Amino acid sequence: MLTAGAEKKYIVAMFRFFLKKNFCDVWDNLLHTIVYNLMMLALLGGCAALCIAVSALPGTAILKDIYVAAAFLFSSMLVCVFLVAESDNAARAASYETPKIKALFSNLVPSLKDGMLLGLLVMLAATIATTSIPYYFSIWIPRDGGKGSLLGLLMLSFVFWMLVIFVIAIQWFLPVRSLMHNNFKKCLKKSYIIFFDNMWFSVGVALVNLLNVFITIFTLGILDGAATMLITSTNALRLRLYKYDWYEVNPGLTREQRRDVPWEELLANDRRILGPRKWRSFIFPWKE
């Protein structure tokens with residue numbers, strides 16, 4: 001059995017390898033990620049134009065709110081369909097294969113159902129965030145300066161942490177779908193199972209994707225973007241699933257033994273395939 005220090009060392013080494021492999025996979029498919037990101041920028045621009053256009057339609061304030069909500073829902077579903085369709089390309093990149101824009105378009109129709117359901121789920125979470133959080137905050141700290149209620153703070157904390165868990169867990173949805181080919185319900189269920197079984201790893205991957213968000217904003221959506229975030233989450237899950245494969249071939253392990261995952265052994269083949277990548281090889285690959 002590994003000591004706590006050795007176990008921590010192997011886990012850190014696993015995460016470092018994930019970061020290295022992910023960087024290499026994104027760099028090797030940089031042209032594809034840029035093309036996809038430009039497509040997503042155009043799609044998001046069209047969705048924003050749609051929402052602005054429907055807000056200018058004639059009608060009462062309630063009717064305009066309905067128009068805008070419908071436009072946001074349609075936009076959320078459309079964007080999620082394109083994300084679901086691209087998830088197979090992310091799986092290809094994570095498996096040392098070449099992603100193709102042609103594959104994206106061929107996956108659009110098969111991605112309609114799951115994409116629309118995912119868009120509806122994201123819209124529901126956004127609605128809860130924008131309505132429940134301000135409401136419970138006003139109960140905790142009333143705007144009129146009156147005496148607040150502790151119930152408001154408790155409900156605010158509950159909703160906040162449920163949304164945080166949702167955001168971190170949902171990052172596994174598309175990788176589960178592309179790697180394990182489950183239906184929507186199973187993908188959602190497994191996303192939460194993976195989160196609770198690998199909580200700190202999930203948080204670490206979420207922080208990497210948060211960095212991707214900052215880079216996306218800084219580069220106006222050209223670099224990183226949705227394509228890189230998909231590859232990041234898919235790479236992370238692909239490597240993490242080795243643990244469960246090891247569980248299957250080693251049944252009857254105790255709880256303590258299940259913690260002693262032999263990451264060096266499980267990652268050996270990926271290390272061999274990836275090889276020793278030097279910084280020079282990223283800029284001058286023909287010199288390697």
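Output the 0 to 90 degree angle, nearest 10, between the alpha-carbon long axis of helix 61-94 and the longest principal axis computed from the alpha carbons of the chain. The angle comes out at about 10 degrees.
Here region 146-187 is scanned for amide nitrogen atoms under 18 Å from the site 7 Å beyond the Cα of I133 along Cα-to-Cβ, giving 152-171. Just so you know, the Cα atoms of region 184-250 work out to an Rg and Dmax of 14.1, 47 Å. Pairs of Cα atoms nearer than 8 Å and 6+ residues apart set the relative contact order; for the chain it is 23 percent.
Tell me whether the chain comes out rounded, prolate or oblate; compute the Cα gyration tensor, take square roots of the eigenvalues as a ≥ b ≥ c, and use a/c under 1.5 as the rounded threshold.
On the way: a/c = 2.08, a/b = 1.35, b/c = 1.54.
Since a/c reaches 1.5 but b/c is at least a/b, the shape of the chain is classed as oblate.
Using the Cα centre of region 4-287 as origin and beta-carbon charges of +1 (Lys, Arg) and -1 (Asp, Glu), tell me which of Q171, N269, V26 is placed farthest towards the positive end of the dipole. Toward the positive end, the furthest listed residue is N269.
Would you please put 194-204, 110-120 in order of how densely packed they are, using the mean number of other Cβ atoms within 10 angstrom per residue and starting with the highest?
Values: 194-204: 16.2, 110-120: 18.8.
My ranking of the peptides, most packed first, is 110-120, 194-204.
Helix 4-28: angle to the longest alpha-carbon principal axis of the chain, degrees 0 to 90, nearest 10? The angle comes out at about 70 degrees.
Between the Cα long axis of helix 112-140 and the first principal axis of the chain there is an angle of about 60°, rounded to the nearest 10. Other residues lying with their Cβ under 14 Å from the Cβ of H32 contribute a combined charge of -3, Lys and Arg counting +1, Asp and Glu -1.
Each reported figure results from applying straightforward, stated rules to the coordinates on display, with no laboratory input. Not measured: the values here are computed from a predicted model. In this analysis, Cβ positions are derived from the backbone assuming ideal geometry, glycine residues included, and neighbour counts consider all displayed protein chains.
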